[in-house]
Amino acid sequence: ENSPSPLPERAIYGFALFLGSWFGFMLYLIWAYVPETWLFSLGLTYWPQKYWAVALPVYLLVAIGIGYILLFGINMMSTAPLNSTDTVTDNYAKKQQQKKFQEEAIPALRDIPISEVNRMFFLPEK
Amino acid sequence: MEERWYRSASGARIALRRRQHSASCRELAVRCPRLRLRSLSATTSAAWLAAYGLFVLTENSMVLSAAIIITLVGLIVYLHFVKIDQESLLVIGSLGIQVTSSYASGKESTTFIEMSQVKDVVINEAIHMQKVIYYLCILLQDPGDPQGLSEVVPLFQSSKPRLDCLIEVYKSCQEILEQRKTVPQSS
């Protein structure tokens, strides 16, 4: 089953990912810093333009910054407006079945309609 | 006729006025704070200073006339379409509920809801602009399903009274709505 404990396979995956990420980083540094003429003399002529070595990180950081604002905006848009019935009820509450009331037992869990809740809170019983 | 002072959700002082016209007819009016002279003059001065700054930069005198016209038109539009002076609720037991908003320019817009369509008047709480607010709303009956609810009509949208004021309005409305159950409706 699924347990988070360390396993030999997981150790191997971890080390492979570690080596892979170091290799990727070294490759990125070489691509960004080694002059083009040196790369051509080695025979590597078809690598992407060095422009992208700066452009891609900038794109990524701007996307993360916009993502914060976008997430905030999406949350605000998904909030139900004050005049929607979603603030009061939903499909599960409309279709719920009433369990029979048993003496001396804790009443079953149910969605209490808002009129009843209001009467209990705001109209003091004499 | 009774008038009491409360606070709105944003902290401004609002007045609730209750009138009992008869045993089954009540009028509840919430009066919002008036447009203050100092905020109006602050906004106008800021707009005109910005326009003067633009004029000094661009040497185009149209900027000044445009600023004056925009300020005047903006003020008129604000008073006629945005600034609400008073929101009132007239509950007539056997007939219905009338909701009136009067704007600062004198315009009044009313909505009438028949009593057979009204399921209940409740205080609901919902998320509104990074806050959770209490607001009074009328629940409209679904014609097909007696337990169902077809629409929610929020009341007092621009004055946004706090819970103490809403409880008073709620109790007044419930006293009249309860009479519906005891007195049989004549269709």
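The values are calculated or read from the model by the stated rules, or taken from the named source; none is laboratory data. All figures in this text were calculated on a predicted structure; none of them were measured in a lab. Every residue, glycine among them, receives a Cβ derived from its backbone with ideal geometry; neighbour counts consider all protein chains shown.
Residue-by-condition table, conditions (1) part of a loop (DSSP other than H, G, I, E, B); (2) closer than 30 Å to B:Leu149 by Cα:
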| position | (1), (2) |
| --- | --- |
| A:Ile12 | no, no |
| A:Tyr28 | no, no |
| A:Gly43 | yes, no |
| A:Gly67 | no, no |
| A:Asp86 | no, yes |
| A:Ala93 | no, yes |
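Which pairs have Cβ atoms under 8 Å, sit 6 or more apart or on different chains, and link a residue in the stretch B:149-160 that is over 15 Å from B:Ser109 (Cα atoms) and facing another protein chain (nearest Cβ under 10 Å) to one that is assigned to a loop (DSSP other than H, G, I, E, B) and acidic (Asp, Glu)? As it stands, the answer is B:Leu149/B:Asp142; B:Ser150/B:Asp142, since those pairs meet every condition given. Only one entry in B:Tyr103, B:Tyr135 is touching a residue at least 24 places away in the same chain (Cβ under 8 Å) and within 14 Å of chain A (Cβ to nearest Cβ), namely B:Tyr135.
Please pick out the residue among B:Val118, B:Val122 that is facing chain A (nearest Cβ under 7 Å), touching a residue at least 40 places away in the same chain (Cβ under 8 Å), crowded, with 19+ Cβ neighbours inside 10 Å and touching a helix residue (DSSP H, G or I) at 6+ places or on another chain (Cβ under 9 Å).
B:Val122 is the lone residue from the list that is facing chain A (nearest Cβ under 7 Å), touching a residue at least 40 places away in the same chain (Cβ under 8 Å), crowded, with 19+ Cβ neighbours inside 10 Å and touching a helix residue (DSSP H, G or I) at 6+ places or on another chain (Cβ under 9 Å).
Flag: B:Gln130 matches the condition of being modelled with pLDDT under 90 and over 19 Å from B:Leu95 (Cβ atoms). Look through B:Ala23, B:Ala66 and report the one residue that is under 27 Å from the mean Cα position of the chain (by Cα), small (Gly, Ala, Ser), farther than 24 Å from B:Gly106 by Cβ and at pLDDT below 95. Criteria check complete, one pass: B:Ala23.
State the number of residues belonging to the stretch A:106-126 that are within 11 Å of another protein chain (Cβ to nearest Cβ) and either part of a helix (DSSP H, G or I) or in contact (Cβ under 8 Å) with a residue 24 or more places away in the chain (or both). Don't jump to the end; show me each part of the working.
So in the stretch A:106-126, the residues within 11 Å of another protein chain (Cβ to nearest Cβ) come out as A:113-119, A:121-124.
Next, only the ones that are either part of a helix (DSSP H, G or I) or in contact (Cβ under 8 Å) with a residue 24 or more places away in the chain (or both) stay: A:113-119, A:121-122.
Total meeting the criteria: 9.
Restricting to the stretch A:106-126, name every residue that is under 17 Å from B:Tyr170 (Cβ atoms), surrounded by 10 or more Cβ atoms within 10 Å (Cβ to Cβ) and acidic (Asp, Glu). Scanning the stretch A:106-126 gives a single hit, A:Glu116. Contact map, the stretch B:162-174: first residue within 11 Å of another protein chain (Cβ to nearest Cβ), second residue assigned to a helix (DSSP H, G or I) and surrounded by 18 or more Cβ atoms within 10 Å (Cβ to Cβ), Cβ cut-off under 8 Å, separation 6 or more or different chains; pairs are B:Tyr170/A:Asn118.
Of all residue pairs spaced 6 or more apart or on separate chains, none has beta-carbon atoms under 6 Å together with a first member in the stretch A:9-34 that is touching a residue at least 60 places away in the same chain (Cβ under 8 Å) and a second member that is surrounded by fewer than 10 Cβ atoms within 10 Å (Cβ to Cβ) and among the β-branched types (Val, Ile, Thr). Counted as qualifying within the stretch B:1-105 are the strands (runs of 3 or more DSSP E) with 1 or more residues that are of a type in the set (D, E, K, R), namely B:2-7, B:13-22, B:25-31, B:84-92. Looking at the stretch B:177-184, can you tell me whether even one residue there is in contact with a strand residue (DSSP E or B) (Cβ under 8 Å, 6 or more places away or on another chain) and more than 30 Å from B:Leu40 (Cβ to Cβ)? Yes.
For the stretch B:138-148, filtering for residues that are buried (at least 17 other Cβ atoms within 10 Å of the Cβ) and either within 10 Å of another protein chain (Cβ to nearest Cβ) or within 16 Å of B:Ile92 (Cβ to Cβ) (or both) leaves 3. Among the residues of the stretch A:89-105, are any without any contact (Cβ under 8 Å) to a residue 12 or more places away in the chain and surrounded by 13 or more Cβ atoms within 10 Å (Cβ to Cβ)? Within the stretch A:89-105 (the criterion being without any contact (Cβ under 8 Å) to a residue 12 or more places away in the chain and surrounded by 13 or more Cβ atoms within 10 Å (Cβ to Cβ)), the answer is yes, since at least one residue qualifies.
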